[in-house]
Amino acid sequence: MAPLRVGIIGAGGMGGRHAKGAKDAPLRLQLVAACDVAEGKLREFGRKWDVAALSTDWREVVASRDVDAVCVLLPHDLHEEVCVAAARAGKHVLVEKPIARTLEEADRIIQAAEAAGVTLMVAHNQRYYPANRTIKRLLDEGVIGQLFCARIDHHQSFFPPPDRAWWRSRAAVGGGCVIGSGIHRLDLLRWYLGEVGEVFAFQIDDPRRLEAEVACVATLRFGSGAIGEFFCNWGSTRSPATTHEGMSLFGREGCLYFDGAIHVSSLPRADYGPDLTVVPEDPSCQSMWEHFADCVEKGLTPLTSGPDGRKSLELVLAIYRSAETGKPVRLPLA
């Protein structure tokens with residue numbers, strides 16, 4: 001089949017990462033258009049990634065007959081308008097996480113894609129990392145037995161921030177660190193342990209960095225009865241370019257730790273222990289883009305579909321509700 005012709009809407013930092021992922025699969029994907037309101041940034045993007053059709057108006061990309069699919073990499077408050085318009089124009093949509101700021105916005109995006117019969121996928125790219133896929137396989141094989149406890153972390157420095165950075169705005173983002181980065185880690189927990197039934201959360205603000213929460217700790221009870229802890233922090237003093245993420249998973253028959261490598265301690269499966277090391281790929285998104293192309297070509301449901309992305313957003317919103325009310329919150333939300 002001919003390559004899927006893609007238009008990138010939002011040529012900032014994430015635009016380059018997604019462009020590399022698409023370019024690394026040239027037989028499946030072809031970058032044909034790009035859009036950004038910053039003309040200088042847009043021209044630089046076009047030169048670097050060899051994209052000729054450049055526009056400062058996303059509507060031109062959505063309307064183009066030369067574009068089969070769009071990648072939406074915009075502030076969260078713009079996701080709904082652009083994704084709905086793209087779906088109605090018959091374009092397949094890959095949208096950066098979170099799918100939206102609210103469940104109502106997410107529902108309108110999902111409904112537009114379903115009505116148009118186009119593929120809608122949310123870029124929860126951590127599910128596509130080789131290390132995380134290996135962890136999922138080991139869990140499915142029962143290497144550490146039934147999971148009963150988990151902890152997952154994200155630490156990053158967001159200081160000093162640019163005064164006009166959109167991610168500082170509670171309205172544009174829909175929150176702070178939890179919806180901005182933590183949603184990736186919550187999405188992984190859902191993938192590994194299933195849906196969450198109840199949350200209880202605390203959060204801390206830091207107006208020097210952003211308008212919403214800079215750190216959050218949440219306790220989770222899963223539908224399976226397992227419990228977990230989520231720790232997200234944008235107030236690290238590490239270099240802004242450095243992100244630290246860790247994970248600990250505990251099963252009835254063993255443990256699995258991830259700190260850049262996978263470490264397995266398993267009672268009945270000594271052949272897996274004590275350590276199994278997997279070096280994660282640079283998150284260029286290539287495997288995610290290849291999955292997106294597969295879903296478009298074959299009519300498959302994406303691993304990180306619109307409805308699935310909605311569930312990760314719902315978990316974020318439940319954490320926010322708990323932190324605001326000081327009470328446990330049950331899911332699904334009423």
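Within the chain, what percent of beta bridges assigned by DSSP are antiparallel, to the nearest 5?
60 percent
Would you please classify the overall shape of segment 178-233 from the alpha carbon gyration tensor, given that a ≥ b ≥ c denote the square roots of the eigenvalues, rounded means a/c under 1.5, and beyond that prolate means a/b larger than b/c while oblate covers the rest?
Judged from the Cα gyration tensor, segment 178-233 comes out prolate (a/c at least 1.5, a/b above b/c).
Quick check: the angle from helix 13-23's long axis to the longest principal axis of the chain, C-alpha only, nearest 10 degrees?
80 degrees
Report, largest value first, the span of the C-alpha coordinates of segment 1-130 along each principal axis, in whole Å.
Between the extreme Cα coordinates on each principal axis of segment 1-130 lie 38, 33, 28 Å.
Over segment 90-165, what is the mean sequence separation of C-alpha contacts under 8 Å (at least six apart), divided by residue count, expressed as relative contact order in percent?
Averaging sequence separation for qualifying contacts and normalising by length gives 28 percent for segment 90-165.
As a quick test, which of the pairs LYS41/LYS136; LYS41/LYS97; LYS23/LYS97; LYS91/LYS136; LYS23/LYS311 have an alpha carbon distance above 27 angstrom in this structure?
Going by Cα-Cα distance, LYS41/LYS136; LYS91/LYS136; LYS23/LYS311 fall outside the 27 Å limit.
Could you give the Stokes-Einstein D for segment 113-156 in µm² per second, using the C-alpha Kirkwood radius, 20 °C, 1.002 mPa s?
158 µm²/s
What does the highest-first list of 4-14, 179-189 look like by mean Cβ count within 10 Å?
179-189, 4-14
Measuring from centroid to centroid over Cα atoms, what is the spacing of segment 317-334 and segment 45-64 in Å?
With segment 317-334 and segment 45-64 each reduced to a Cα centre, they are spaced 41 Å.
Provide Rg over Rh for the chain; use the alpha carbon set for both Rg and the Kirkwood Rh (inverse mean inverse pair distance).
When Rh is taken as the Kirkwood radius, the ratio is 0.97.
So for segment 136-258, considering every pair of alpha-carbon atoms, how many percent are separated by more than 18 Å?
For segment 136-258, the share of Cα pairs beyond 18 Å comes to 53 percent.
Peptides 312-321, 34-43: what's the order by average Cβ count within 10 Å, highest mean first?
Listed from highest to lowest mean packing, they are 312-321, 34-43.
Extent of segment 67-153 along each principal axis, from alpha carbon coordinates, in Å, largest to smallest?
Result, largest extent first: 47, 25, 21 Å.
Only the coordinates and a few stated rules stand behind these numbers; no lab work does. As the structure is a computational prediction, the values presented were derived from the model and not from experiment. We place every Cβ from the backbone using ideal geometry, glycine too, and count neighbours over all the protein chains shown.
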